[in-house]
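Reading through the structure tokens given below for one structure.
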Amino acid sequence: MRESGRESYLCGVNYLTAVLLGLAAAGGATLFPGMLNMTSVNVSLRAGRRAGYQFAAGMAVAFTLQAGLAVFFANYFTAHPDILRLMKQWAALVFLVLAVFFLFKGYRAKVAEARPYRGSPFVRGAILAVMNFLTVPYFFALSGWLLTDGYLAGTAAARIGFTTGAGAGALFTFGAYARMADWMYRRARFLTRNINFVLGGLLAVLAVIQGVRSCL
């Protein structure tokens with residue numbers, strides 16, 4: 001009985017630790033302004049806070065699946081590094097395509113009256129998050145280090161906890177950006193009014209950086 005209780009206690013500790021590590025990992029990936037969270041701001045400003053929350057939820061779901069893919073298949077990716085290398089190479093092209101899209105979107109908003117937001121914010125958020133090919137390599141590198149050094153237990157429960165924490169952290173951060181959209185508009189009006197150009201420029205820089213890194 002004591003041995004069984006000890007195992008349950010250790011399992012609970014490992015799960016809680018994994019959740020906290022997942023939250024920290026998601027915070028490191030989403031806390032600072034980037035393509036995903038600033039697009040969440042854009043959607044909230046254009047279509048309202050509710051749409052912003054739905055967009056954030058879609059991104060968080062995709063983010064959770066990507067984190068789970070990385071942590072559950074860490075051994076497979078280690079044995080087949082060409083897969084991650086290919087994803088990094090494709091990321092440069094995807095970033096470039098998205099940069100052109102956002103720059104065109106910003107230009108269209110300048111020369112014509114902004115059109116109403118159409119489509120499902122949740123689905124759009126999920127698609128945009130999936131197109132960020134660097135999420136899986138990021139979580140693979142981080143979870144691989146945590147597993148190797150023993151900070152993250154290799155059990156299925158711990159991997160589920162890490163995935164859950166990453167999803168919860170992403171949802172909280174993306175949702176917070178959507179909620180603060182009006183505040184950001186008042187405090188940084190130039191940035192938010194030209195957010196499509198900002199995103200386009202950021203993605204163009206990321207495309208160049210990723211392209212150079214892929215060639216090295």
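The values are calculated or read from the model by the stated rules, or taken from the named source; none is laboratory data. Treat the numbers as computed from the prediction; the structure is a model and nothing was measured. Cβ placement follows ideal geometry from the backbone for every residue including glycine, while neighbour counts extend to all protein chains displayed.
Checking each residue in region 80-91 for being part of a helix (DSSP H, G or I) and either more than 28 Å from R46 (Cβ to Cβ) or modelled with pLDDT under 70 (or both) picks out P81, D82, I83, L84, R85, L86, M87, K88, Q89, W90. Does A141 satisfy the condition of being surrounded by fewer than 16 Cβ atoms within 10 Å (Cβ to Cβ) and not aromatic (F, W, Y)? Criteria met by A141.
Taking residues in region 64-79 that are over 11 Å from S143 (Cβ atoms), and partners anywhere that are of a type in the set (V, I, T), the pairs with Cβ atoms closer than 7 Å and at least 6 places apart or on different chains are T64/T163; Q66/T135; Q66/V136.
Taken over region 84-101, the criterion of being surrounded by fewer than 17 Cβ atoms within 10 Å (Cβ to Cβ), closer than 13 Å to V212 by Cα and of a type in the set (A, V, I, L, M, F, W, C) is satisfied by W90, L93. Taking region 17-79 and the helices (runs of 4 or more DSSP H) fully enclosed by it, the elements with 2 or more residues that are over 27 Å from N194 (Cα atoms) and at pLDDT below 90 are at 74-79. Residue under question is A109, and the condition is that it be in contact with a Lys or Arg (Cβ under 9 Å, 6 or more places away or on another chain), at pLDDT below 70 and assigned to a loop (DSSP other than H, G, I, E, B); does it hold? No. Among the residues of region 124-172, which ones are in contact with a Gly (Cβ under 6 Å, 6 or more places away or on another chain) and under 20 Å from V94 (Cα atoms)? Matches in region 124-172: G125, A126.
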